[in-house]
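What follows is a set of notes on a single structure, which appears directly below.
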Amino acid sequence: MIYILHDDAGKDSLNIRAELHKYLVKVRRHIKGDEISFRNPNNIKILYKYEIVDVDARTLNLELVSSSVNEVKSKKSLHIAWCVIDSKSIEKVLASLSEIGVEKISFISCERSQKNFKLDFKRFDRIVEASMQQCGRSSYIEFDRYKSIEDFIKEFPDTKVFDFCDNILESNANFKRVLIGCEGGFSQNEREFLKAQEVFRLDTPMVLRSESAVIAVASRILL
């Protein structure tokens with residue numbers, strides 16, 4: 001774990017109890033004199049370093065050693081427009097998308113999205129928070145939702161589209177926004193609407209699941 005998110009980070013001293021105490025002492029085996037990094041969710045750009053000054057069976061006492069602005073983020077920006085799939089499949093790849101450096105995900109209800117899928121953005125945030133603490137990232141993935149592909153493209157006309165076509169994504173490709181379909185891909189009506197957009201595919205003969213495509217495209221652009 002690179003740092004810990006804590007609501008009291010920034011105070012002169014911290015008193016850690018309960019599960020976090022157990023994790024730091026029993027699992028991470030921290031002892032008196034160790035330094036641990038913290039960030040406050042309300043001012044996440046600042047990295048606080050604390051020294052453990054006392055350890056007992058229930059409490060870990062730490063004192064602030066230093067604080068500095070320390071932003072950790074991708075050198076590039078990527079906004080993914082993702083046609084809604086099963087939220088369980090989304091959750092499986094969110095940590096990876098956080099580590100890769102995806103900046104924003106807009107979920108879109110397209111014609112082939114099943115209507116019973118509910119997106120829990122609070123749960124998504126918790127998954128991303130856990131990933132951030134592990135990989136060191138200092139910014140949340142932003143989540144929002146659009147009613148249709150048409151609404152999204154009207155707002156972001158520069159969007160590239162991942163779909164079946166002859167145009168293979170170049171190794172040095174660089175763009176800021178991409179639309180990826182759900183299972184089964186885009187409908188004929190959606191493809192007709194997307195004719196004006198730049199469409200690409202990856203250089204593979206295999207058909208990718210929606211979540212695999214998101215990971216592959218994000219990796220190609222950001223890493």
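Here, each number is a calculation from the coordinates, and none is a lab measurement. This one's a predicted model, so the numbers in the text were calculated from it and none came from an experiment. All Cβ positions, glycine included, derive from the backbone under ideal geometry; neighbour counts span all protein chains shown.
Observations
- Gaussian network model of the chain, springs between alpha carbon atoms under 10 Å - residue of 16, 44, 100 with greatest fluctuation: 16
- Peptide packing: for 71-81, 211-221, the average count of neighbouring Cβ atoms within 10 Å per residue gives the ranking 211-221, 71-81, highest mean first.
- Stretching the chain fully between residue 92 and residue 12 yields a gain of 25.0 nm (0.36 nm per residue, less the alpha carbon separation).
- In terms of the mean number of neighbouring beta-carbon atoms within 10 Å, the peptides 176-186, 20-30 order highest first as 176-186, 20-30.
- Overall dimensions of the chain as given by Cα atoms, namely Rg and Dmax in Å: 21.1, 66
- Axis angle, to the nearest 10 degrees, between helix 87-100 and the longest C-alpha principal axis of the chain: 70 degrees.
- Taking the range 30-73 and a reference point 7 angstrom along Cα→Cβ of residue 140, the backbone N atoms nearer than 11 Å belong to 41-44.
- A straight line joining the Cα centroids of the range 1-40 and the range 43-109 runs 16 Å.
- Counted residue by residue at 0.36 nm each, then reduced by the alpha carbon distance between them, the extension gain from residue 19 to residue 51 reaches 9.6 nm.
- Linear extension gain, residue 76 paired with residue 166, 0.36 nm per residue minus alpha-carbon span: 29.8 nm
- Computed [θ] at 222 nm, deg cm²/dmol, the chain (DSSP H ≥ 4; -39,500 (n - 2.57); rounded to nearest 500): -8000 deg cm²/dmol
- Residue order, fewest to most beta carbons within 10 Å, for 159, 59: 59, 159
- Note, ³J(HN,Hα) from phi for the range 65-77, Karplus 6.51, -1.76, 1.60, rounded to Hz, x at Gly and Pro: 9, 7, 8, 7, 5, 8, 8, 10, 8, 5, 6, 10, 10
- Beta bridges per DSSP with both ends in the chain, % antiparallel, nearest 5: 45
- Placing pseudo-labels 7 Å out from each Cα toward the beta carbon at residue 204 and residue 69 gives an inter-label distance of 4.0 nm.
- Cysteines in the chain lacking any other cysteine Cβ under 4.7 Å from their own Cβ: 135, 165.
- As a rough footprinting exposure proxy, the listed residues 113, 148 were ranked by other beta carbons within 10 Å of their own, and the order from fewest upward is 148, 113.
- Using C-alpha pairs below 8 Å separated by at least 6 residues, the relative contact order for the chain is 20 percent.
- Summed side-chain charge close to residue 53 - residues other than residue 53 whose Cβ falls under 9 Å, Lys, Arg +1, Asp, Glu -1: -2
- Per-pair calculated FRET efficiency, R0 = 30 Å: residue 196 and residue 216 via Cβ, rounded to 0.05: 0.75
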